[in-house]
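Contents: one structure, followed by commentary.
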Amino acid sequence: MAGIAFVGCDLLAARDAQAQASGAVRRREVVVSGRRVKTVDVHAHCAVPEAMALMGLKAEPQTLIMGQDRIRAMDEQGIDVEALSINPYWYKAERDLASALIRIQNEKLAELCASRPERFVAFATAALQYPDLAAEQLEEGVKKLGLRGGSIGANVAGEELSDPKFHPFWAKAEQLGCLIFIHPQGGTAGFEQRLRGSGGLGNVIGNPLDTTIALSHLIFEGTLDRFPGLRICAAHGGGYLPSYAARSDAGCVTFPDRCPKPLKKRPTEYLRQLYYDSIVFTPEALRHLVAEVGSGQIVMGTDYPFPWMKTSVDHILDTPGLSDAARAAILGETASRLLRIKA
C-alpha cells in the first residue's frame, strides 16, 4: 500500500478529487435537528514509515499508513475531520535517535495536514522520556508546524505521568493551552503476566486499566492541582475511572492516612475538567459517561484503523436522553474548539 500521505500528498488530493468527480465516493453528512454538524474524530491512528524505520520497525496493520482508503472510510462513516495521533513506540530510544525520529514524524504529520487542511489535523509526538526535550518538541509542533496539541502514552516505559520529572512537559502544555491526548500503553503497564491467555486481555482490560491508573495518579499526586489549566483527553472513555469514580472519593474518607497529599477538591470533581473520547460501545455506557462528567467533556473517537467502533456517529445519535445540543457538542463542536478547527 502506498504511503501517500508521506510520499506524495498531492496524490491524495488528486485521487480524492477524481473519486468525487466519478461519484465513487459520497461523504455522509451528519445532521442534528435539521442542522449540519461538522464531525471530528479525536482518536484516529496513523504511522510514519520513515520514522519507524529508524528503530527497525514497520507499520502494522498497513492501514496505519495514510492512503485513499482513509478518506473513503471517513466519508462512509460521516467523519469530516480526523485528529491524527501516533501511539508511542520510542520511549526507550536514546536521546539523539528519539530527537531525529520525532522530528521526522512531526514534520510529516504537518505536511499531511497542510495538504488536506479540511480533513486532517494532528497531535505532535514527543520523546517524553526526556521531559525537557518533549516540552521543546511540543512547542515546536504547535507553534512552528501548526499541530493542534500533543499525544502521549499513559505511562512512559513504566513511569507514571504524575512523576515530578514530567513537570516541565506539563508546564509547557499548560502554557500552550493545547490539548494533550493520552493513549494507553497496556503492553508496558506492568501487569502483562496476569493478562496472558485467551481473550486479548492485554488490550481489552490492560489498555483501559492503564488509562485508569494514569488519570488516578494525576489526580492523587496533585499534578492537576499544580497545573490546573491543563487540557487532557483520555482515550477509551477514560478507562474504568468514570464508571467507579465514587470509590476514589470514599477511599480518602475511609483511609485518610493513605491520601497524604491534600487535594483542592474531591477526586471526582477533577473528572469534570478532563475530556474523554466516546469509545464506550453501548448507549447506556455513553449515557453514564455523560452523567458522570458532562456532555461538554466528551468528544467523538473511532480508534481507526482498528475496528472497535465503526459506527461512532450513530452511537452518539442513537443514545437516548441526550439533547440535540449535547449530540452536536460530542460529534464535533467541543473538539473543534479544543483543536482550533474552523466551522
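What to note about this one:
- Potential lengthening of the chain between D225 and V204 amounts to 4.5 nm, from the contour at 0.36 nm per residue minus the alpha-carbon distance.
- Distant-in-sequence amide H partners of L84 (H built 1.01 Å from N, under 5 Å): V121, A122, F123
- Formal net charge of residues neighbouring H217 (Cβ-Cβ distance under 10 Å; K, R +1; D, E -1): -3
- Which listed pairs, of K144/K342; K38/K264; K58/K143; K108/K143; K58/K310, have C-alpha distances above 27 Å, in listed order: K38/K264; K58/K143
- Mean residue ellipticity (222 nm) of the chain, computed from DSSP H runs ≥ 4 via -39,500 (n - 2.57), nearest 500: -11000 deg cm²/dmol
- For the chain: accessible area per residue (Å², 1.4 Å): 43
- Over the stretch 279-343, relative contact order from alpha-carbon pairs under 8 Å, at least 6 apart, %: 38
- Listed by chain and number, the lysines whose C-alpha is less than 25 Å from the C-alpha of K261, apart from same-chain residues fewer than 8 away, are K165, K172.
- Once the C-beta distance of Q175 and L54 is scaled by a Förster radius of 30 Å, the resulting FRET efficiency is 0.55 to the nearest 0.05.
- Looking at the chain alone, DSSP beta bridges between its own residues are antiparallel in about 15 percent of cases.
- With every protein chain in place, the stretch 48-131: carbon and sulfur % of accessible area (1.4 Å): 55
- Anisotropy class of the stretch 207-289 from Cα gyration tensor, a/c 1.5 cut: prolate
- Estimated vicinal HN-Hα couplings, Hz - the stretch 306-316 in sequence order (Karplus 6.51, -1.76, 1.60; Gly, Pro = x): 7, x, 5, 8, 8, 10, 4, 4, 5, 4, 6
- FRET efficiency estimate (nearest 0.05) - Cβ-Cβ, F191 to R95, R0 41 angstrom: 0.90
- Whole-Å distance, taken between Cα centres, linking the stretch 110-152 and the stretch 238-304: 27
- Relative contact order (%) - the chain, alpha-carbon pairs under 8 angstrom, separation at least six: 17
- Of the accessible area of the stretch 185-320, computed with a 1.4 Å probe over protein heavy atoms only, carbon and sulfur atoms account for 56 percent.
- Cα gyration tensor category, rounded, prolate or oblate, for the stretch 147-284 with a/c compared to 1.5: rounded
- Cα-based shape type of the chain, given that a ≥ b ≥ c are square roots of the gyration tensor eigenvalues and the cut on a/c is 1.5: oblate
- Chain lengthening between E76 and R258 when straightened (0.36 nm per residue, less Cα-Cα): 60.5 nm
The values are calculated or read from the model by the stated rules, or taken from the named source; none is laboratory data. Remember, predicted model here, so these are calculated numbers, not experimental data. Note that each Cβ is placed from the backbone with ideal geometry, even for glycine, and that neighbours are counted across all protein chains shown. The accessibility values were calculated without ligands, DNA or RNA, using every heavy atom of the protein model including side chains. Shrake-Rupley method; radii C 1.70, N 1.55, O 1.52, S 1.80 Å.
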